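Worksheet: the structure to be examined is printed underneath.
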Amino acid sequence: MTSQSATRVALVTGAGQGVGREVVHQLIRKGVASAVIVNDYVAEKAEAVAQDIRDIGGHAVAAAFDVGDHAQVAAVLQRATAEVGPIDILVNNAGNGGAGGATQDSAPFWESDPTEWQPWIDVNLTGVFNCTHTVLGGMVERGYGRVITVISDAGRVGEPNLVVYSAAKAGAAGFTRAIARAGGRHGVTANCVALGATRTPTTALDGLSSEDERRFLRNYTVKRFGLPEDAAAAIVFLASEEAGWITTQTLPVNGGYSSAL
Ligand SMILES: NC(=O)c1ccc[n+]([C@@H]2O[C@H](COP(=O)([O-])OP(=O)(O)OC[C@H]3O[C@@H](n4cnc5c(N)ncnc54)[C@H](O)[C@@H]3O)[C@@H](O)[C@H]2O)c1
């Protein structure tokens, strides 16, 4: 992708670590955004990433909110946009087990406790509604927008140990397609990136033995785990001006995982 000198403002949710953090860096480094609102519900993590960007001469502000809470999203973004301007690029990245920190189901679905379901829905589905709802009107009004929702292969093919997460990600994909169809005539594109197993602090893939890693990668065509850089490259391309003729799509960034099933 050619480097651009855009004057676009981006919001990246769940950007205190992992994929989101790398997206913030690439948006600035590649010139796809001139300013980034760095969200995380952990304020210190959001601030640290925003500071990283300021340290390299970029423009970034931290915005601490829980994506699952619409009132918080709206109030904090009102303050952040007053500082950096209206949002042109939304990366719905916050996900996984959310505030509960769960990384997989504690029991088979048929034995699960229904109280465990809501946190997965809140961050992976309602959070996508809340952030998109808060910024989309402005995008439509200004006739330009990019929405990228980070889903998972779990949402495409189903993951037996992450049943509600799979459902929430599939829901987020359906939502994003519908938003794309509603927004197209207003200059707004919306797409998903579906990740396979990617090394981030949450996935703890570094701790696997080489035997477990080999077994894990059996269905992957490329025999390594993804890196935040792999994910961010695709997300930032879809966020760029050049991707304006791509919408309603889900791009797998997964080492060929689902093609091997
Ligand atoms: N890493 C993978 O293997 C993988 C695979 C498929 C899909 N994904 C998806 O990619 C995205 C990024 O994954 P990751 O592994 O980099 O995530 P991560 O868990 O490492 O980081 C997520 C960040 O989001 C923040 N966060 C969590 N809940 C939040 C909330 N309610 N509001 C605001 N911030 C919140 C966390 O504090 C954390 O800093 C997620 O949507 C995840 O579901 C990841």
Which residue, chosen from ALA10, GLY171, MET139, occupies the Cα position most advanced towards the positive end of the dipole of segment 9-256, where the dipole is computed from +1 (Lys, Arg) and -1 (Asp, Glu) charges on Cβ about the Cα centre? MET139
Segment 122-261: spread of alpha-carbon positions along the three principal axes, whole Å, largest first, is 54, 31, 27
Scalar couplings 3J(HN,Hα) for segment 51-60 by Karplus 6.51 cos²θ - 1.76 cosθ + 1.60 (θ = phi - 60°), nearest whole Hz, x for Gly and Pro, are 5, 3, 5, 5, 5, 9, x, x, 10, 8
Expressed in square angstrom to the nearest 10, the accessible area of ASP122 with a 1.4 Å probe stands at 60
Would you tally the net charge around VAL188, using a Cβ to Cβ cut-off of less than 14 Å, leaving VAL188 out, and scoring K and R as +1, D and E as -1? +3
Leaving ligands, DNA and RNA out of it, work out the accessible area of TYR41 with a 1.4 Å probe and give it in Å² to the nearest 10. 120
All lysines inside 26 Å of LYS45 as judged from Cα atoms, apart from same-chain residues fewer than 8 positions distant: LYS30, LYS169
Rolling a 1.4 angstrom probe over the protein chains, ignoring ligands and nucleic acids, what is the accessible area of SER34 in square angstrom, nearest 10? 50
Please build a GNM for the chain, connecting alpha carbons under 10 Å apart, and tell me which residue among ILE37, ILE148, ILE246 fluctuates the most. ILE246
On the accessible surface of the chain, probed at 1.4 Å with all protein chains in place, carbon and sulfur together account for a percent value of 54
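Hey, what's the per residue convex hull volume over the C-alpha atoms of the chain, in cubic angstrom?
Per residue, the Cα convex hull of the chain comes to 125 Å³.
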The long-range amide H neighbours of LEU90, using H built 1.01 Å from N in the peptide plane and a cut-off of under 5 Å, are LEU11, ARG146, VAL147, ILE148
With +1 on the Cβ of every Lys and Arg and -1 on the Cβ of every Asp and Glu, and nothing else charged, how large is the dipole of the chain about its Cα centre, in debye rounded to the nearest 20? 900
Exposed trypsin sites (Lys or Arg not before Pro) absent: longest stretch of the chain, with sites in DSSP loops and at most 13 other Cβ within 10 Å deemed exposed: 1-222
Under the rule of -39500 (n - 2.57) per DSSP H run of 4 or more residues, summed and divided by the residues of the chain, what mean residue ellipticity at 222 nm is obtained, to the nearest 500 deg cm²/dmol? -12500 deg cm²/dmol
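The values are calculated or read from the model by the stated rules, or taken from the named source; none is laboratory data. Everything numeric here is computed off the predicted structure, so don't read it as measured data. Reconstructed Cβ throughout: ideal geometry from the backbone, glycine too, with neighbour counts over all protein chains shown. These accessible areas exclude ligands, DNA and RNA; they are computed on the full protein's heavy atoms, side chains included. Shrake-Rupley method; radii C 1.70, N 1.55, O 1.52, S 1.80 Å.
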